[in-house]
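One structure below.
The values are calculated or read from the model by the stated rules, or taken from the named source; none is laboratory data. Quick caveat, the model's predicted, so the values are computed rather than measured. Note: ideal-geometry Cβ built from the backbone for every residue, glycine included; neighbour counts use all protein chains shown.
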Amino acid sequence: MYKSLSAGMIGVKLNGFEANLAAAKKRGYGAIGYSPEVLAAEGIDAFQAIDLMGKYGVIISDFGLPARITGKAVFDEDFHRIEKAARAASALGIKRCCTWMPSFSNDFEYAENFRQKTKMFRLAAEVLKDYGILFGVEFLGPVPMWNSGKYKFIHTLQELLELCDAVGTGNMGALLDAHHCYCSGLRGADFKKYVRNEKDIVLVHLNDDEAGAPIDQINDSPRYYPGEAGGGANDLPGFLGALVEIGYTGPVVVEPFSEALKKLDCDDEKIRLITEGTNAVWPET
């Protein structure tokens with residue numbers, strides 16, 4: 001597995017693709033998360049992007065699904081964007097695409113929601129599969145989130161992998177977030193009991209939670225970067241060590257919702273802090 005820098009996830013705003021590549025190289029990252037749609041908006045074609053990636057020795061590890069999955073109408077409206085993005089991603093050598101999934105519904109009970117999500121995700125996964133792209137979906141584990149709607153939906157890794165099996169395309173797995181694992185009762189390496197092999201995981205988000213906070217009261221935020229003061233609830237070395245044990249070879253992205261980072265004005269300092277924190281818990285090779 002390898003470290004990938006997603007500037008937006010740490011509250012860093014960089015001026016374009018090359019600036020992201022340069023920031024990643026400076027701190028020792030081999031990859032960044034970046035959208036093919038954003039590249040196109042910047043006027044950078046595939047040949048130019050590949051040249052820049054070669055210049056900095058940094059690849060694009062993943063991109064977000066350019067379609068909303070919160071309901072059929074908005075998904076149908078966005079669906080055409082998936083093929084266009086997948087074609088562009090394939091030309092850039094990007095092999096992973098991810099999204100998240102609400103853990104409740106105010107309209108549908110679990111079985112009907114499961115049926116609809118299976119159909120929706122199958123359509124997306126089939127398009128991505130045609131371009132050799134893996135599809136990762138993130139479950140949301142915090143109790144306050146799945147308790148906030150009328151009907152509970154998927155909020156555990158076990159349930160998510162059942163959905164992946166129902167989709168049945170062979171290229172769909174989990175976007176495994178340490179925070180959501182922890183909030184669903186899976187601390188450190190505990191998630192490994194549900195993972196059959198590396199194919200069950202497409203992307204990993206690394207973050208920590210507040211030490212001493214009751215799990216059933218932790219919401220979507222705050223989340224701490226590795227080593228941040230106040231964190232330490234999760235066993236991040238155990239979490240990463242378990243990924244090594246299952247043979248995971250994909251990207252690991254730090255995704256904190258950190259008040260401490262928000263207070264910093266210097267973007268390079270933010271990247272330095274999350275990099276040093278990650279290195280401190282990273283498994284020895």
Output the qualifying pairs, or none if there are none: Cβ atoms under 8 angstrom, residues six or more apart or on different chains, first residue in the stretch 196-214 and within 10 Å of residue 233 (Cβ to Cβ) and modelled with pLDDT of 95 or more, second residue among the hydroxyl-bearing types (Ser, Thr, Tyr) and not in a strand (DSSP E or B).
-> 208/225; 209/182
Give the residues of the stretch 15-29 that are in contact with a Leu (Cβ under 9 Å, 6 or more places away or on another chain) and either surrounded by fewer than 14 Cβ atoms within 10 Å (Cβ to Cβ) or not aliphatic (A, V, I, L, M) (or both), sorted by residue number.
-> 17, 18, 20, 27, 29
Considering only helices (runs of 4 or more DSSP H) wholly within the stretch 208-285, the ones with at least 3 residues that are under 17 Å from residue 4 (Cα atoms) are 236-245, 267-281
Mind listing whichever residues of the stretch 37-95 are of a type in the set (Gly, Ala, Ser) and within 23 Å of residue 174 (Cβ to Cβ)?
-> 61, 64, 67, 71, 85, 86, 89, 90, 93
Name the helices (runs of 4 or more DSSP H) wholly within the stretch 73-170 that hold at least 1 residues that are farther than 26 Å from residue 185 by Cα, out of contact with any Gly (no Cβ under 9 Å at 6 or more places or on another chain) and touching a residue at least 24 places away in the same chain (Cβ under 8 Å)?
-> 110-130
Only one residue in 47, 75, 79 is crowded, with 19+ Cβ neighbours inside 10 Å, aromatic (Phe, Trp, Tyr) and modelled with pLDDT of 95 or more, so which one is that?
-> 75
Scanning the stretch 187-207 for residues that are closer than 22 Å to residue 3 by Cα and not in a strand (DSSP E or B) gives 187, 188, 189, 190, 191, 192, 195, 197, 198, 199, 200, 207
Any hit, the stretch 217-231, residues being closer than 28 Å to residue 110 by Cβ, surrounded by fewer than 22 Cβ atoms within 10 Å (Cβ to Cβ) and without any contact (Cβ under 8 Å) to a residue 60 or more places away in the chain | yes
Counting only residues that are of a type outside the set (A, V, I, L, M) and surrounded by 18 or more Cβ atoms within 10 Å (Cβ to Cβ), how many does the stretch 242-256 have?
-> 5
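Listed here are the residues, each with its yes/no results for (1) buried (at least 17 other Cβ atoms within 10 Å of the Cβ); (2) among the aliphatic types (A, V, I, L, M); (3) more than 17 Å from the chain's Cα centre (by Cα).
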{"residue": "132", "(1), (2), (3)": "no, no, yes"}
{"residue": "155", "(1), (2), (3)": "yes, no, no"}
{"residue": "174", "(1), (2), (3)": "yes, yes, no"}
{"residue": "200", "(1), (2), (3)": "yes, no, no"}
{"residue": "205", "(1), (2), (3)": "yes, no, no"}
Every listed condition ((1) on the phi > 0 side of the Ramachandran plot; (2) touching a strand residue (DSSP E or B) at 6+ places or on another chain (Cβ under 8 Å)) holds for residue 53 save (1)
